[in-house]
There are 2 protein chains.
Amino acid sequence: MAHHSEIACLSKATIFKNLPLPLKKKLVTISSHQDFFPKGSFIRQPLDGKDGMIFLDSGHAKVYTLNTAGKETVLEVLNKGDSTGQENLFSTGNHENFIQATEDCLVCSMKRHDFQMMLKDSPDLALSLLNDFGERLITAEKNTVRRNSMNAKERVLDYLKDHGKKLGKTSFNLPLQKKDLANFLGLTPETLSRQLNALQASGQIIVKGQFISLN
Amino acid sequence: MAHHSEIACLSKATIFKNLPLPLKKKLVTISSHQDFFPKGSFIRQPLDGKDGMIFLDSGHAKVYTLNTAGKETVLEVLNKGDSTGQENLFSTGNHENFIQATEDCLVCSMKRHDFQMMLKDSPDLALSLLNDFGERLITAEKNTVRRNSMNAKERVLDYLKDHGKKLGKTSFNLPLQKKDLANFLGLTPETLSRQLNALQASGQIIVKGQFISLN
DNA sequence: TAATTGAATTGATTTAAATCAAGAAGGGAA
DNA sequence: TTCCCTTCTTGATTTAAATCAATTCAATTA
């Protein structure tokens with residue numbers, strides 16, 4: 001929880017990128033910076049007593065819940081620059097989701113109390129955050145449509161294209177294990193494996209382990 | 001777009017219910033009130049040039065998208081007191097969703113421009129809205145979990161219990177046609193029909209047309 | 001009132017994806 | 001390096017839900 005004096009991870013976060021410099025500097029003073037989470041470790045979990053939002057300076061993470069039967073549902077895939085848990089800046093309830101590093105991560109975070117203090121005299125900040133919430137809702141809706149109106153092959157291809165677009169690349173490594181990606185797409189690992197094969201066979205992608213290339 | 005002088009629909013909306021009275025009064029002055037939408041009509045649709053958020057003073061509505069193949073995905077079920085489209089208070093992009101009255105509706109709405117003016121000097125308002133966004137995200141996640149980790153029967157029962165809880169009742173009329181509810185749950189109408197039968201046969205609910213009673 | 005139209009239901013059948021099963025590949029730890 | 005454990009892949013089989021098909025029902029309107 002070192003407090004840097006210079007503009008760090010926060011200013012790189014998509015969510016705050018349009019804020020004026022003085023405000024960014026203030027945000028940095030109330031943030032923790034570049035906490036290290038090794039692959040597999042939990043950035044957040046239910047009942048950990050932590051509040052506020054987090055964002056990824058580097059690495060990848062997955063957000064998921066467990067239902068009462070222990071079945072996992074992957075809700076979000078976090079890539080470098082993404083943030084999540086904004087809802088914890090306001091509600092006083094405990095968060096219910098697990099956030100687990102799927103690669104070594106550097107994470108910045110902001111506490112509810114500190115954030116709320118700042119919010120009172122920064123309409124810009126509120127607006128920025130409201131915009132970001134809007135984006136997250138739209139993404140959530142997009143994921144719902146993907147699961148609801150596409151078959152297995154279409155879902156896989158749609159995700160890959162979407163991810164490539166987000167990165168601005170046509171080749172990349174998957175940000176999650178395939179079993180987690182399968183879950184995120186509402187599929188089983190077996191089905192994902194077969195669909196990746198099929199997409200490669202039809203010349204639409206190249207797959208080598210975690211590496212994907214779009215054609 | 002009549003401008004009432006008294007506190008009307010807006011003050012009843014869940015999203016604003018915790019705001020101080022003077023602020024509510026100001027909100028009323030920038031809202032349209034109780035516009036009537038007959039069953040089947042569109043409250044919003046892509047390219048209608050409308051912006052801002054809406055909320056339901058009475059009636060029911062569904063929010064849905066059409067994919068390029070024309071397949072519908074029902075994203076939200078709106079009941080009395082619910083609001084949607086908050087994301088349109090900020091982004092300048094066009095909204096992509098259809099909002100259609102599934103019963104006769106009275107609708108209030110607020111325009112982006114008017115709202116943003118108010119937001120600048122009302123931190124309370126921003127906070128209220130941010131809270132609401134958080135709720136909507138959590139609901140969206142809950143819907144994802146329902147679709148991802150439950151079979152057809154569980155989804156139906158979970159929805160019915162959820163809806164009953166929301167209303168504080170054990171008997172109610174479904175807020176949508178069954179074909180739309182089926183879509184919202186990621187099912188076909190045939191499957192919904194059969195599952196409602198099965199739930200009735202096992203004594204868990206009573207079904208009479210749109211009327212549902214939970215046991 | 002009857003006619004029309006879409007919604008809902010019921011039954012028969014198909015099918016996409018899940019499940020089951022077994023081996024191969026990969027990544028740590030000792 | 002070997003061992004262990006999890007993930008990934010491939011094949012065979014099952015199954016839950018979709019699809020197809022045909023009535024029935026309900027709402028609207030002429």
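The values are calculated or read from the model by the stated rules, or taken from the named source; none is laboratory data. Being a predicted model, the structure only gives us computed values, none of them experimental. Virtual Cβ from ideal backbone geometry, glycine too; neighbours counted across all protein chains shown. What goes into the accessible areas is simple: the full protein's heavy atoms, side chains included, and nothing from ligands, DNA or RNA. Shrake-Rupley method; radii C 1.70, N 1.55, O 1.52, S 1.80 Å.
Computed values, structure above
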| item | result |
| --- | --- |
| Some residue of region A:192-207 being more than 26 Å from A:Gly81 (Cβ to Cβ), outside the structural domain of A:Val74 (by TED's automatic domain parsing), near DNA strand C (Cβ under 8 Å from one of its atoms) and of a type in the set (S, T, N, Q) | yes |
| Near pairs, Cβ below 6 angstrom, 6+ apart or cross-chain, from region A:31-43 (on the phi > 0 side of the Ramachandran plot) to any residue that is of a type outside the set (Phe, Trp, Tyr) and in a strand (DSSP E or B) | A:Gln34/A:Asp57; A:Gln34/A:Leu106 |
| B:Thr144 crowded, with 20+ Cβ neighbours inside 10 Å, without any contact (Cβ under 8 Å) to a residue 60 or more places away in the chain and more than 24 Å from B:Asp35 (Cβ to Cβ) | yes |
| Tally of residues being outside any loop (DSSP other than H, G, I, E, B) and either within 21 Å of the chain's Cα centre (by Cα) or more than 8 Å from DNA strand D (Cβ to nearest atom) (or both) across region A:193-215 | 12 |
| Failed item, numbered, when B:Arg44 is tested on (1) surrounded by fewer than 21 Cβ atoms within 10 Å (Cβ to Cβ); (2) at pLDDT 90 or above | (1) |
| Test: A:Lys153 is within 16 Å of DNA strand D (Cβ to nearest atom), more than 12 Å from chain B (Cβ to nearest Cβ) and either open to solvent by 70 Å² or more (accessible area, probe 1.4 Å) or at pLDDT below 95 (or both) | yes |
| Flag if A:Asn97 is buried (at least 18 other Cβ atoms within 10 Å of the Cβ), facing another protein chain (nearest Cβ under 9 Å), in contact with a helix residue (DSSP H, G or I) (Cβ under 9 Å, 6 or more places away or on another chain) and under 30 Å from A:Gly40 (Cβ atoms) | yes |
| Out of A:Gly59, A:Gly85, A:Gly81, sole residue that is away from every other protein chain (no Cβ under 12 Å), crowded, with 21+ Cβ neighbours inside 10 Å and touching a residue at least 24 places away in the same chain (Cβ under 8 Å) | A:Gly59 |
| Scope region B:116-126; condition surrounded by fewer than 19 Cβ atoms within 10 Å (Cβ to Cβ) and facing chain A (nearest Cβ under 7 Å); matching residues | B:Leu119, B:Lys120, B:Pro123 |
| Failed condition for B:Gly70, given (1) facing another protein chain (nearest Cβ under 9 Å); (2) surrounded by fewer than 16 Cβ atoms within 10 Å (Cβ to Cβ) | (1) |
| Filter result for A:Asn183 (in contact (Cβ under 8 Å) with a residue 12 or more places away in the chain and loosely packed, with under 13 Cβ neighbours inside 10 Å) | no |
| The lone exception for A:Leu192 - which of (1) within 14 Å of chain B (Cβ to nearest Cβ); (2) aliphatic (A, V, I, L, M); (3) touching a residue at least 24 places away in the same chain (Cβ under 8 Å) it fails | (1) |
| Qualifying positions in region A:160-191 - within 17 Å of the chain's Cα centre (by Cα), closer than 19 Å to B:Gly186 by Cα and either more than 13 Å from DNA strand C (Cβ to nearest atom) or not aliphatic (A, V, I, L, M) (or both) | A:Asn183, A:Phe184 |
| Subset of region A:1-41 that is part of a strand (DSSP E or B) and at pLDDT 90 or above - its residue that is most open to solvent (accessible area, probe 1.4 Å) | A:Phe36 |
